[in-house]
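> The structure's right below; bear with me while I get my questions together.
Values quoted throughout were computed directly from the atomic coordinates according to the rules given, and no laboratory measurement underlies them. For clarity, every value in this text was computed on a predicted model and none was experimentally measured. No Cβ is skipped: glycine too gets one built from the backbone with ideal geometry, and neighbour counts run over all protein chains shown.
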Amino acid sequence: MSQATIDPETTELATQPAGDAPVGARITEAVTGYVHGNPAAVEQAVVTLLAGGHLLVQDVPGVGKTSLALAIARAIGARWSRIQFTPDLLPSDVTGSMVFDQSTVSFAFHPGPVFASVVLADEINRSSPRTQSSLLEAMQEGAVTVDGRTHALPRPFLVIATQNPVEMSGTYPLPEAQLDRFMMRISLGYPDREAEARILQAQADGASPEQVECVVTPEQFDAILARVQAVAVVPEVLAYIVAIAEATRLSAEVRLGVSPRGSVALMRAARARAYMQGRAYVVPGDVQELAVAVLAHRLILEPGASARGATAEAVIDRTLEQTPAPQP
């Protein structure tokens, strides 16, 4: 890809109206007031929310994954639900089922826990692939089909799935099709001493998710999503995203590279980050900042590369170094 130049004056782009730009930052601030330790990961979670995507949190137990889902739901004033994925969980336990109603002598649909704006799919890799796949339509289409009838899910709709990368006994690896539905994969990690001290102090003071500030209501959220989608992406930046995706497909270390769905996810996430930064246009820095979180979990490395210690994150980092970015 050749070097390209982006001229803000010729793109006829303006910054966001005063008072609108802080919405994403205010949601992040509200969540980080309750979830201590990794503000960058919280910001990526909020980017996923604003981009209309879904989030995979891969981390050890006890670092705040459930607290993150609770805090996000509270910050947007939305209903949330938690599904504990276990080997005996059935798809109908997630989506809901038809139940016979004796009063009307007919079957009626009883919604499952997926009918919430924020759904925490806890330890998603502990259930069978059949149950995991019950989320595919919900995550892709924002709807659930039961007995031939389609039921729309609430808006906004965010799935936050968790999995423990250490304890793999009795788990089912997420198939590539399921992984590809997650816009980002992040890790909260262990907090530093200062952050952990704040966690202890907050618990000692009786902190609860109810104390998280409600920044925006679900009714207002559609308008915010529309503003995010209106963020401009000039052709040079689109070409940059395509070049990154293509480079992963041509890499000798990669067996399966980034799909077009991954490219679209990176563009949508970059728009959301630009919106959070108060810009009405995407810059290459937005793409670079989010590329690892959006793309790494979509790669399948060659067995030889994995044996040599290569990682998907390192492949994306190297791809960013080798792919020329448009110059502002």
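> Restricting to DSSP H runs of at least four residues, report the calculated mean residue ellipticity at 222 nm for the chain, -39500 (n - 2.57) per run over all residues, nearest 500 deg cm²/dmol.
Theoretical 222 nm ellipticity from helices: -12500 deg cm²/dmol.
> Compute the helix-to-body angle for 65-75: its Cα long axis versus the longest principal axis of the chain, expressed 0 to 90° and rounded to tens.
The angle comes out at about 90 degrees.
> When the dipole is taken about the Cα centre of the chain, and only Lys, Arg (+1) and Asp, Glu (-1) are charged at their Cβ, what size is it in debye, to the nearest 20?
360 debye
> Still on this structure, I have one more. Please give me, ordered by residue number, the GluC sites (Glu not before Pro) of segment 109-183 that lie in loop per DSSP and have at most 13 other Cβ atoms within 10 Å.
Those that pass, being in a loop and sparsely packed, are 167.
> A further question on this structure: Angle between the Cα long axis of helix 235-250 and the longest principal axis of the chain, 0 to 90 degrees, nearest 10?
So the helix axis and the longest Cα principal axis differ by about 80 degrees.
> Return the sequence-ordered ³J(HN,Hα) values of segment 79-96 in whole Hz as given by the Karplus equation 6.51 cos²θ - 1.76 cosθ + 1.60 applied to θ = phi - 60°, using x for Gly and Pro.
6, 10, 9, 10, 10, 8, 7, 9, x, 9, 5, 9, x, 5, 5, 9, 8, x
> Separate question: Just subtract the alpha-carbon distance of residue 249 and residue 300 from 0.36 nm times their residue separation and send over the number in nm, one decimal.
Full-extension gain reported as 17.3 nm.
> Go through segment 201-214 residue by residue and turn each phi into a ³J(HN,Hα) via Karplus (6.51, -1.76, 1.60, θ = phi - 60°); whole Hz please, and just put x for glycine and proline.
Result, ordered by residue: 5, 4, 5, 5, 8, x, 4, 9, x, 4, 7, 5, 5, 7 Hz.
> Counting other C-beta atoms within 10 Å, and keeping those with at most 10, which DSSP coil trypsin sites (Lys or Arg not before Pro) do you find in segment 227-328?
Loop-located and lightly packed - 308.
> From the gyration tensor of the Cα coordinates in the chain, what semi-axes in whole Å does the equivalent ellipsoid have, largest first, with each one equal to sqrt(5λ)?
So the equivalent ellipsoid measures 32, 25, 22 Å along its semi-axes.
> Would you tally the net charge around residue 69, using a Cβ to Cβ cut-off of less than 15 Å, leaving residue 69 out, and scoring K and R as +1, D and E as -1?
0
> If you keep only loop residues by DSSP, which trypsin sites (Lys or Arg not before Pro) in segment 73-106 have at most 13 other Cβ atoms within 10 Å of their Cβ?
Passing sites in segment 73-106 are 79.
> Once fully extended, how much extra length lies between residue 150 and residue 193, figured as 0.36 nm per residue of separation less the alpha-carbon to alpha-carbon distance?
10.6 nm
> A further question on this structure: How much length, in nm to one decimal, is gained on full extension between residue 317 and residue 133, taken as 0.36 nm per residue of separation minus their Cα-Cα distance?
This chain segment gains 63.2 nm when fully extended.
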